[in-house]
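What follows is a single structure, written as structure tokens, with notes after it.
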Amino acid sequence: MAHFTKATSVKDWFNQRLAIEKVEKVMGSEYWIPKNINFLWAMGMILAITFALLLVSGIFLLMYYQPNVNLAFDSVNYTIMKEVDFGWLWRHIHGVAASVVFLIIYIHMFTGIYYGSYKKGREMIWISGMLLFVTFSAEAFSGYMLPWGQMSYWAGMVITNLFSGGSLHADGLVEWIRGDYVPAQAFLNRFFMLHVLLIPLAILGLIGLHFASLRIPHVNNQDGEEIDFEAESKKYLAGDKAGSKVIRFANDFMSKDMMVVGVYLVFFFYLVFFNYDFAMDPVNFDPADGLKTPAHIYPEWYFLWSYEILRPFSVNIGLIAFAFAQVIFFALPFLDKSPNTIPASRRGLFKYWFWAMLIDMIVLTAMGKVPPSGVFSTIGFWAALTFIALWIALPFITKREKAV
Amino acid sequence: MKNKEPLILAVVVFFSLLTYYLVEPFAHSQMHKHHESEGFVYNDLPEPTKKGAAEHGKVLAIGNYACISCHSIKVENIPAPMDPASAAQTYGVNPPDLSNAGVVYDAKFLTDLIKNPAHALMVEHKFDPAKGKVHPMAAYAGMGGDLDQEVADIVAFLQSIAVKPEELTPTIAYENACGRCHANHYAGWTQIGEKPQFKKKQDELAFETQVLDYTDALTKYMGKLPPDLSIYIRSRGEHYIKTFVENPQNYLKGTAMPRVGVTAEAAEKVIEYLEDSGDAKRHERESVGKNVMIFIVIFAIFAFLWKRQMWRDLH
């Protein structure tokens, strides 16, 4: 057993028991981050803050929300929006953050792809990040069910139907997921449970894994340069702050994070108060009605690209393409055969691959929302094929890349 | 190395805005028909040619029973001939009280309505006399004098008893224009009036039974129960509601919903009523929003200054 002495101060008392000084060094002042980074490296902090906003606003909403098919809609739209002091504020924060968090996730992902931050020991960062993307998607979908509006109901109907597997006709599986033949009380209750307990638990665990996966390979930098963190941190501690290639996480990196967070929050709260319709679809302000199908059923914007990969094909092929789109990003570190960890701009054909992928996903996103007819379904079809073709081409074009 | 951050920011902002434009304004323009409001001027209806005399209108409307055999006029102490549920079972929908008809409805519309209800209400596809379907409101055939003059007199009478335009409240406008078909349970409104507080459960159940009798008759008359409008301001938005009310056939060809014929001012009041029921905290949202923005901008400035200080000796 450790030897404890009479504490000389409160800090010393804690220090003997929890080693707070050491923890502070490991987590903050001597957690070394490359200096050669830009504001895109602050997306992680923005995501953490947005997640905190979702968690806190969600806790407040949970105090008044009623997971009952007869009460859910009015508990949100009447009780929370009209009766509860500032209930509207928590709901708008929750709704807008749920949408904006995906914008930041996509920026975060494309930053990783552009700078090759999934290569050479950083594979687990990418994979744990993708697991977070999947759990956030499940969290967003389950949360979207809860107001029990028209879009909740019909999106729940359409998405759970996917599990019938087309010609497999696994209707038993669909009923098992719904707990009923159609989305009803059992369905609402289980999605409520998933949204407020199981998925958030998984997300918290995965955030821990995501952070842990950064410790050994360290954060990447703008040039993909391999840094000797030992030597550079010694240089910093010896006083050569300007010459060292690394900075402290706290407060050097943190201060830059907070500057970016400040700008982000101006944008975020502008949306919360003055431009929220994009995140709170008007159709979902009609109560769920199983006898009235809305004219247009579409998912929230962040699912549109994968929805459009499903849509232009016949049922079975569409489902296979959809399944492909869901998992293929996980394989990125293994499909990229290039030995280089440098920005896409210096990587030959991969440079074009990157921009083609980004633009293709935006085209898919746009086509996923508009009605699938005429020229839109043609564009959607070719964009979906392009998506698949780009992934098939990736190992070939990266294999030909010369080491620099 | 030269600072690339402004360029990177521009690229991120550009692609974010492009995506936003495509999934919001562009996609919605492709999904929904857009109609511009005509400002509730009802260009298809003829201008009244005669100047009405309110006193003579009163004689026609009340003395000759032109209106009051079906309509109540509460300001003139004329009660409704039937309770709302019985009236709905008789006519399909409860004929409105006419106390404020003169201020809620446009004069051109009223003039045309009295002479040819199905035409003014734009429900001729539903009420075609050739097929034996007559609108429950009988067209006014006149008392033997000049028909146009008599109608002008009745309109003048209705305008003379109504509250002044500046006294028109959202509740009056909603009750007259929407409330006999559309409930609004966030405002406590049923098709037969505001739901009172009951001391006894029996009284409450009796009231609810009346509402159900009413809505059953209304459903039969309209084909389906007209929707509750509690949060239509969020689900449809102001523009859609206004252009829909102005001419329901714009969006739903063949709908049983009549043109309501409200004035532009009354339409504004209806919108206000719907905002109060469906977006009650809008004023708070705007004022809190402003304060939060000021707070966050100050936070961002301090964060920027902190960063500058921390990085001074890192460069």
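The values are calculated or read from the model by the stated rules, or taken from the named source; none is laboratory data. This structure is a prediction, so every number in the text was calculated from the model and none was measured. Methodologically, a virtual Cβ is constructed for each residue, glycine included, from the backbone with ideal geometry; neighbour enumeration extends over all protein chains shown.
Using the structure shown, decide if B:Ser235 is in contact with a Leu (Cβ under 8 Å, 6 or more places away or on another chain), crowded, with 19+ Cβ neighbours inside 10 Å and facing chain A (nearest Cβ under 10 Å). In short, no. Taking the numbered list (1) farther than 30 Å from B:Glu275 by Cβ; (2) surrounded by fewer than 20 Cβ atoms within 10 Å (Cβ to Cβ); (3) of a type in the set (S, T, N, Q) in turn, A:Asn68 passes all entries but (1). Checked against (1) within 12 Å of chain A (Cβ to nearest Cβ); (2) at pLDDT below 95; (3) outside any loop (DSSP other than H, G, I, E, B), B:Leu314 passes all but a single condition, namely (3).
The residues of segment A:328-358 that are under 19 Å from A:Gln222 (Cα atoms) and among the small types (Gly, Ala, Ser), listed by number, are A:Ser338, A:Ala344, A:Ser345, A:Gly348. Scanning segment B:170-192 for residues that are part of a strand (DSSP E or B) and within 14 Å of chain A (Cβ to nearest Cβ) yields a count of 2.
Name the single residue that is nearest to the other protein chains (Cβ to nearest Cβ) among those in segment A:226-274 being surrounded by fewer than 20 Cβ atoms within 10 Å (Cβ to Cβ) and among the acidic types (Asp, Glu). Going through the qualifying residues, I end up with A:Asp240. Would you mind telling me which numbered condition in (1) in a helix (DSSP H, G or I); (2) under 23 Å from B:Val23 (Cα atoms); (3) more than 14 Å from every other protein chain (Cβ to nearest Cβ) A:Val327 fails? For A:Val327, the exception is condition (2). On the stretch given as segment A:356-376, residues that are more than 10 Å from every other protein chain (Cβ to nearest Cβ), free of Cβ contacts under 8 Å to residues at least 60 places away in the same chain and closer than 21 Å to A:Thr111 by Cα total 2. Note on segment A:22-48: residues that are within 17 Å of A:Lys234 (Cα to Cα), within 14 Å of another protein chain (Cβ to nearest Cβ) and not aromatic (Phe, Trp, Tyr) amount to 5. Checking A:Ile33, A:Ile46 one by one, the residue that is touching a strand residue (DSSP E or B) at 6+ places or on another chain (Cβ under 7 Å), surrounded by 19 or more Cβ atoms within 10 Å (Cβ to Cβ) and β-branched (Val, Ile, Thr) is A:Ile33 and no other. On inspection, B:Leu60 qualifies as more than 14 Å from chain A (Cβ to nearest Cβ) and either within 29 Å of A:Trp355 (Cα to Cα) or not in a loop (DSSP other than H, G, I, E, B) (or both).
Contact map, segment A:275-296: residues that are within 8 Å of chain B (Cβ to nearest Cβ) paired with residues that are of a type in the set (Asp, Glu), Cβ distance under 6 Å, separation 6+ or inter-chain. Pairs shown: A:Phe278/B:Glu24. When A:Leu198, A:Leu194, A:Leu214 are screened for being assigned to a helix (DSSP H, G or I), out of contact with any helix residue (DSSP H, G or I) (no Cβ under 7 Å at 6 or more places or on another chain) and either under 30 Å from A:Pro343 (Cα atoms) or of a type in the set (A, V, I, L, M) (or both), only A:Leu198 passes. What about B:Gly39, is it in a loop (DSSP other than H, G, I, E, B), at negative phi and touching a residue at least 12 places away in the same chain (Cβ under 8 Å)? It is false that B:Gly39 is in a loop (DSSP other than H, G, I, E, B), at negative phi and touching a residue at least 12 places away in the same chain (Cβ under 8 Å). Scanning segment B:101-155 for residues that are touching a residue at least 12 places away in the same chain (Cβ under 8 Å) and on the phi > 0 side of the Ramachandran plot yields one hit, B:Met122.
Okay, residues lined up against (1) in contact with a Lys or Arg (Cβ under 6 Å, 6 or more places away or on another chain); (2) closer than 30 Å to B:Leu225 by Cβ; (3) not assigned by TED's automatic domain parsing to the domain that holds B:Cys178:
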| residue | (1), (2), (3) |
| --- | --- |
| B:Lys51 | no, no, no |
| B:Ser72 | no, yes, no |
| B:Val93 | yes, yes, no |
| B:Ser99 | yes, yes, no |
| B:Val104 | no, yes, no |
| B:Leu113 | no, yes, no |
| B:Ala118 | no, yes, no |
| B:Ala130 | no, yes, no |
| B:Pro136 | no, yes, no |
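Here B:Leu305 fits the description: within 14 Å of another protein chain (Cβ to nearest Cβ) and of a type in the set (A, V, I, L, M). Of the residues that make up segment A:320-328, is at least one within 20 Å of A:Tyr118 (Cα to Cα), of a type in the set (Gly, Ala, Ser) and crowded, with 17+ Cβ neighbours inside 10 Å? Yes, that holds for at least one residue. Residue check: A:Asp289 meets all listed conditions (1) of a type outside the set (A, V, I, L, M); (2) surrounded by 16 or more Cβ atoms within 10 Å (Cβ to Cβ); (3) assigned by TED's automatic domain parsing to the domain that holds A:Asn161 but one, namely (2).
Condition (residue is under 30 Å from A:Pro371 (Cβ atoms), among the polar types (S, T, N, Q) and touching a Pro at 6+ places or on another chain (Cβ under 7 Å)) applied to segment B:62-77: is it met by at least one residue? No - not one qualifying residue is present in segment B:62-77. Once segment B:165-207 is narrowed to residues that are of a type in the set (S, T, N, Q) and without any contact (Cβ under 8 Å) to a residue 60 or more places away in the chain, the residue that is surrounded by the most Cβ atoms within 10 Å (Cβ to Cβ) is B:Thr190. Only one of the numbered conditions (1) farther than 30 Å from A:Pro299 by Cβ; (2) surrounded by 13 or more Cβ atoms within 10 Å (Cβ to Cβ); (3) within 14 Å of chain A (Cβ to nearest Cβ) is violated by B:Thr19, and that is (1).
Cβ separations smaller than 6 Å between residues 6+ apart or across chains give the following pairs from segment A:73-96 residues that are more than 21 Å from A:Asn275 (Cβ to Cβ) to residues that are surrounded by 19 or more Cβ atoms within 10 Å (Cβ to Cβ) and aromatic (Phe, Trp, Tyr): A:Phe73/A:Trp148; A:Ser75/A:Tyr65; A:Tyr78/B:Tyr186.
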